[in-house]
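The values are calculated or read from the model by the stated rules, or taken from the named source; none is laboratory data. Note that this is a predicted model, so its numbers are computed, not measured. With ideal geometry, Cβ positions are generated from the backbone for all residues, glycine too; neighbour counts draw on all protein chains shown. Note: accessible area is taken over every heavy atom of the protein model, side chains too, but ligands, DNA and RNA are not part of it. Shrake-Rupley method; radii C 1.70, N 1.55, O 1.52, S 1.80 Å.
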Amino acid sequence: MDKTYRFSNFHTHCYLDDGQESLEAYVLKALSLNFNALGFSCHAPVPFDDEGHLRSEDFDSYLKTIYELKAAYKDRIEIYAGLELDYLEQSNEMAGSEYADRLDFTIGSLHVMYCNDEFGYLSIDYRPEDFEKILDCRFSGNIKDMVSHFWHLQTLMVEQHRFSFFGHCDAIKKLNEGNRYFNAQEAWYQELVAPFLQSLARNHVRMEVNTGGLARGKTNETYPSNSIIRQAVALGIPLLLSSDAHQSETLDFYFQQAHDEIIQAGAKSLDTLYHGLWIKRPIV
Ligand SMILES: [Zn+2]
Ligand SMILES: [Zn+2]
């Protein structure tokens, strides 16, 4: 690997959504790690009550703070403004896409499914009781139907929308500790993943390798698994590495190990923003 290689991270959450700390705390941490770039990606505002998202009235000050930090640290690190957009299946929309033309990048992620008219949208990767509610109320307890719907929605996202990269594509495993609900090694699961990856490849969509589950002790592997990373590399899907940091301390959590795993999966480069453009940085 090139000795001058430096990491970057375009997936971070701060005090304005469900993360912690000021934006500047992340910049200072990134400088201490010798990153060449840092991107902010608050959860975009959504049209329902959820305390974990940026509020629409805070968007302007979020952007202003990022632009002040860009200017203040421009000689030391590249700083980028982004949002993590939620796919909402009822409207087939990416919540927050209305802000996209004021941003440097966007992440496309699926965090919620529509449960029913009583409960509305519920998270698939946060509270176990919400996961259970979706499973029972919408899918009558059939986990294969729920997991199938998850991968189908993600494929629809890729076919219908544009974003800079796809977020944590197998996050449906987050609450599946000890294979409590399903076994991702089984053939039926693999058969759900394949069309999604083919859609990423066909539409030239980047995919992140996200260490956030490891950082929070929720998973014992990256999002996605090494097996999915290997398939993605074989299909030529561009990858980037991020930690989905919710505190500055985890800005580079598991980065060296994940970087090694990505190389072992056969990847030759990682995508990063450089002077405002997406480029491929060789990693081998
Ligand atoms: Zn996310
Ligand atoms: Zn995130």
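Its Cα gyration tensor gives the chain an equivalent ellipsoid, and the semi-axes of that ellipsoid, as √(5λ) in whole Å with the largest first, are 29, 23, 17. Close amide H contacts of Ile79 (hydrogens built in the peptide plane, cut-off under 5 Å, sequence separation of 5 or more or a different chain): Leu38.
Extending 7 Å from the Cα toward the beta-carbon at both Asn92 and Ala71 defines two label points whose distance is 4.3 nm. Could you work out the relative contact order of the chain? I mean the mean sequence separation of Cα pairs under 8 Å and 6+ apart, divided by the number of residues, in percent. Over the chain, the number comes to 18 percent. Sequence-ordered 3J(HN,Hα) estimates for segment 12-17 from the Karplus curve with 6.51, -1.76 and 1.60 and θ = phi - 60° stand at 9, 10, 10, 5, 7, 10 Hz, glycine and proline given as x. Here the dipole of the chain is about 1240 debye; that uses its Cα centre as origin and unit charges on the Cβ of Lys and Arg (positive) and Asp and Glu (negative). Among residues other than Gly236 with Cβ under 13 Å from its Cβ, the summed charge is +4 (Lys and Arg +1, Asp and Glu -1). Amide H contacts under 5 Å for Val209: Leu240, Leu241, Ser242, restricted to partners 5 or more places along the chain or on a different chain, H placed in the peptide plane at 1.01 Å from N. Near Tyr26: Cβ cut-off under 12 Å, other residues only, Lys/Arg at +1 and Asp/Glu at -1. The net charge is -3.
Cα centroid separation, segment 243-264 to segment 207-238: 11 Å. 3J(HN,Hα) along segment 66-72: 4, 5, 5, 5, 3, 5, 5 Hz, from the Karplus curve 6.51 cos²θ - 1.76 cosθ + 1.60 with θ = phi - 60°, whole Hz, x for Gly and Pro. Listed values for segment 217-234 are Karplus-derived 3J(HN,Hα) couplings in whole Hz (6.51 cos²θ - 1.76 cosθ + 1.60, θ = phi - 60°), namely x, 8, 9, 10, 7, 6, 9, x, 5, 4, 5, 5, 4, 4, 5, 5, 4, 4, and x replaces Gly and Pro. When segment 1-127 is described by a simple charge dipole with +1 on each Lys and Arg Cβ and -1 on each Asp and Glu Cβ, the residue from Asn116, Pro45, Asn92 located farthest towards its positive end is Pro45. Rounded to the nearest 0.05, the FRET efficiency derived from the C-beta distance between Glu132 and Gln185 at R0 = 22 Å is 0.45. Need one word for segment 55-94: rounded, prolate or oblate. Basis is the Cα gyration tensor (sqrt eigenvalues a ≥ b ≥ c); a/c below 1.5 gives rounded, then a/b vs b/c decides. Oblate shape, in that a/c is at least 1.5 and b/c is the bigger or equal ratio. Placing R0 at 35 angstrom, the Cβ-Cβ distance between Leu235 and Ser61 gives a FRET efficiency of 0.30 after rounding to 0.05.
Tell me the per residue accessible area of the chain using a 1.4 Å probe; a whole number in Å² is fine. Walk me through the intermediate numbers first.
Details: 12500 Å² over 284 residues.
Ligands and nucleic acids excluded, the figure is 44 Å² per residue.
Which FRET efficiency value, to the nearest 0.05, do you get for Ser148 and His275 by plugging their Cβ-Cβ distance into 1/(1 + (r/R0)^6) with R0 = 41 Å? That gives a FRET efficiency of 0.50.
Checking every one of the GluC sites (Glu not before Pro) in segment 105-178 against DSSP loop status and a limit of 16 other Cβ atoms within 10 Å picks out Glu118. Among the listed pairs Lys144/Lys174; Lys29/Lys74; Lys74/Lys280; Lys173/Lys280; Lys29/Lys218; Lys64/Lys218, those with a Cα-Cα distance over 27 Å are Lys173/Lys280; Lys64/Lys218. Here the accessible area is traced with a 1.4 Å probe on the protein chains. For the chain, carbon and sulfur cover 47 percent of it. Per residue, the chain reaches -9000 deg cm²/dmol at 222 nm when only DSSP H runs of four or more residues are counted, each adding -39500 (n - 2.57).
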